[in-house]
Every structure is written in C-alpha cells, then in structure tokens.
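Below: one structure, written as structure tokens.
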Amino acid sequence: MHPRARCVSLLCLCLAVPAFFGSVRAQTEKTITVRMIDTRTGILIASSNYLVRINHIREEHGDWIVKNEDGSGKLTLPPGAEEISVHATYESATMLYANCDADKDHGSSEKASRQEHWYPVATILTSGLVAPNGCVGKKVPEKDQVVAKPGEFVFFVRPLSPREQLLD
C-alpha cells in the first residue's frame, strides 16, 4: 500500500472510532421531554420539582429532571429504565399535585389520587405518550387535547383539594 494511502486510511479510522463510540453512547442514553399540564387551564406548568421513579422501585429521584427554557423538563434516565412514574410538587415542594391519570373520580377518594401509573420508556421514546386525563369529564376540552412527539411524555395534574391537603 502506498504510504499516502496508508496515512489516509489511518486518518479515516481515527475519525470513525470516536463517531462509532459516540453513537453507542447515544443509543444507551435515554432522554425524555416532560410536559406537565394544568388540567384546569391547559397551560404548561413550569416546574423543577419532579419526582421520578423507574421500574417499580420505591426510590424517588428529584434531580433527574432539569427545567428547559420553555418550561418543560429534560429527563435523563439510566440505561436500564424500562418504565417511569412521574409526579410533581408545589407549595415550596411540600405538596404533591394530583396526577389526573389516576384521578378517575375527581378526588373523591384518597386512594384514587395516590395510585401509581407506569409508562413504558420505549413507547415514549419512539412515538411519545400523553397520559390519560381523568380530571375532566367525558368530553375533553379543546385546551386539554394534546399530542406528544416522539421522546415526549405529557401528563395532566391539578392541585390537591383542601380535604386532600388535610389527609396528606
């Protein structure tokens, strides 16, 4: 092989190796955009007080979501994460919002507002996922009709009622 051709081959190899390992790292990193919507107003709630759980493990991670400039959150998950459950807090991080995916009877039962729902990470990454909004009636208002893009998880919340706050 000609010395110049050998040099060019070596250069190409040097450029290809980091690109290969960069793509392997990108495949293992799981990043999701989280949008939390107020069910009453239909407006995005810009929060940094999220509690994330993965794979039905009880441990909550309050530092896995970083707030983006637009108010959404950037969630970076470990490679082994297959399912997530997301909640958020308000009032100086002392009270949880009621997730509307579990709020089938509009807060009439403490159990309903505390029920955990788990969402597959693979579905969120490939097609996006909007959690059910049980805080509204059968006809979903236009403000609550949301579409998730691939890599987005959207969920609806409401503040706790005074009764729920007392029970909390």
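Taken over the stretch 109-146, the criterion of being outside any helix (DSSP H, G or I), farther than 22 Å from Gly42 by Cβ and modelled with pLDDT of 80 or more is satisfied by Glu116, Trp118, Pro120. Evaluated against (1) over 18 Å from Gly42 (Cα atoms); (2) modelled with pLDDT under 90; (3) surrounded by 19 or more Cβ atoms within 10 Å (Cβ to Cβ), Val86 falls short on exactly one condition, (2).
Kindly list, by first and then second residue, each pair from a residue in the stretch 138-152 that is loosely packed, with under 10 Cβ neighbours inside 10 Å to a residue that is in a loop (DSSP other than H, G, I, E, B) and modelled with pLDDT under 95, limited to pairs with Cβ atoms under 9 Å and residues at least 6 apart or on different chains. What qualifies is Glu142/Gly42. Does Ala93 qualify as being aliphatic (A, V, I, L, M), in a loop (DSSP other than H, G, I, E, B) and surrounded by 13 or more Cβ atoms within 10 Å (Cβ to Cβ)? In short, yes.
The values are calculated or read from the model by the stated rules, or taken from the named source; none is laboratory data. If you're wondering where the values come from, they're calculated on a predicted model, not measured in any experiment. So basically every Cβ, Gly included, is an ideal-geometry build from the backbone, and we count neighbours across all protein chains shown.
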